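The values are calculated or read from the model by the stated rules, or taken from the named source; none is laboratory data. Remember, predicted model here, so these are calculated numbers, not experimental data. Methodologically, a virtual Cβ is constructed for each residue, glycine included, from the backbone with ideal geometry; neighbour enumeration extends over all protein chains shown. With ligands, DNA and RNA removed, areas are computed over all heavy atoms of the protein, side chains included. Shrake-Rupley method; radii C 1.70, N 1.55, O 1.52, S 1.80 Å.
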Amino acid sequence: MSTVAERVGADPERFWAGGVLTAVVALVVGSLVFPEAVYDGFIWHYFWGPVQADANSAVCAIRPGSTVEYLYDSGACTSATEPVAYPGYTLVSEVGYMVTLLVALVGVVFLLRRLDLGTDRRFFYAFFPFVLFGGALRVVEDANDAIPAGEALITYPLNTLFISPIIYFTVFAVALAAVLVSVAATRAEVVERYDRLLFAIGSVILLVTLGYLVSLVITGASGVEFYPQVLVTVLLGATLAAALTWWLIERFVPEVNAGTERIGFVVLWGHAVDGVANVVGLDWMPALGAGRNLVPKHPVNQFVVDVTGSVLPSSVLAVTGDTWPFLVVKLVAATFVLWVFEEEIFEESPRYTILLLIAVLAVGLGPGTRDMIRATFGV
């Protein structure tokens, strides 16, 4: 059977580059010709506006004319004329990020093909610390929001580099640089295996990021606390939840994990961290003596909380909280994804499969790491 590229008579890389360029040109031209509809109503409203509002610690941002104003009162935001951008995610932006991620993955596959990388499972494990780094780096911006402006290391507009979706490009740039350094060191015979050096570079960057957060605690920075019980609870709960799910899969439906093997447990653990971090952060912070509960940052989290709160009686919610179904949803969804990755997929498209699994891990462990560390440091 012929490939898509063969049927359209185009080189795959040029075909991909042409599609990306066409989309970019369409957005640029649309923003120039129809600025209110394309830029104000779509790009700014759902993507850049939330970043600006978050970077300025505003309740929302509005765009009257060609200017941007920041509002710090929820009532003013509610009565403001659209477009109104709130910090965080919307369903539209999450779909946009998903599409962007899939397109970017294709481009990365082409890059890895040129570098002759990414065909074995070691590539997946080498990127593990970079996923943790992405979540930790996001907390650096959270911490800078929490401390007084004069003590902040990163301020606007530099802090936009650490807010979604810009942070994805920031982490990607750091990871890409680490890959190029690792490949160059391997080809120069400085190291024997690129994946070990890549893992080491990611680990060092992660430790430096965490070290900055710890330094804020040591120096007594205002607005930053340290609750080790939160970190222990999330890690222990996530490990137990992932281990139980893994045991159930291996015991009753082992075919689900026949393709991913040990990678499957890592993926389950990453999504369990996200689930448990949300349960602890949104429901159990006061019970752990770790301050107030956090506020949901994602529409899906908020949806689960709203549905659970409307279905279960208050007497039950007082004991269980209203976030625990999110953990169940995360584990069920991760299990389904593992089932999709059959052994044949690894054989037919190893690079794209490994990258997809890294992406699957990142969409769980990345936000989960942020929520876990954010709750640990009280920011």
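Key figures for this structure:
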read-out	value
Residues located in region 18-45, provided they are under 19 Å from residue 65 (Cβ atoms) and exposed (fewer than 15 other Cβ atoms within 10 Å of the Cβ)	32, 33, 34, 35, 36, 37
Every residue from region 335-379 that is aromatic (Phe, Trp, Tyr) and either over 18 Å from residue 258 (Cα atoms) or part of a helix (DSSP H, G or I) (or both)	336, 339, 346, 352, 377
Of all residues making up region 96-137, the number that are among the β-branched types (Val, Ile, Thr), in contact (Cβ under 8 Å) with a residue 24 or more places away in the chain and surrounded by fewer than 19 Cβ atoms within 10 Å (Cβ to Cβ)	4
Complete set of residues in region 204-249 that are β-branched (Val, Ile, Thr), open to solvent by 60 Å² or more (accessible area, probe 1.4 Å) and not in a helix (DSSP H, G or I)	219
Residue in region 188-203 that is most open to solvent (accessible area, probe 1.4 Å), counting only those that are closer than 16 Å to residue 118 by Cβ and not hydrophobic (A, V, I, L, M, F, W, C)	196
Scope region 326-379; condition among the acidic types (Asp, Glu) and buried (at least 22 other Cβ atoms within 10 Å of the Cβ); matching residues	371
Test: residue in region 86-94 that is free of Cβ contacts under 8 Å to residues at least 40 places away in the same chain, open to solvent by 80 Å² or more (accessible area, probe 1.4 Å) and under 21 Å from residue 161 (Cα atoms)	yes
Residues that are under 16 Å from residue 75 (Cβ atoms) and either among the basic types (Lys, Arg) or open to solvent by 40 Å² or more (accessible area, probe 1.4 Å) (or both), drawn from region 46-63	59
When residues of region 1-37 are limited to those that are acidic (Asp, Glu) and not in a loop (DSSP other than H, G, I, E, B), the one modelled with the lowest pLDDT	6
Yes/no for residue 115 being in contact with a Ser or Thr (Cβ under 7 Å, 6 or more places away or on another chain) and either more than 18 Å from residue 174 (Cβ to Cβ) or among the aliphatic types (A, V, I, L, M) (or both)	no
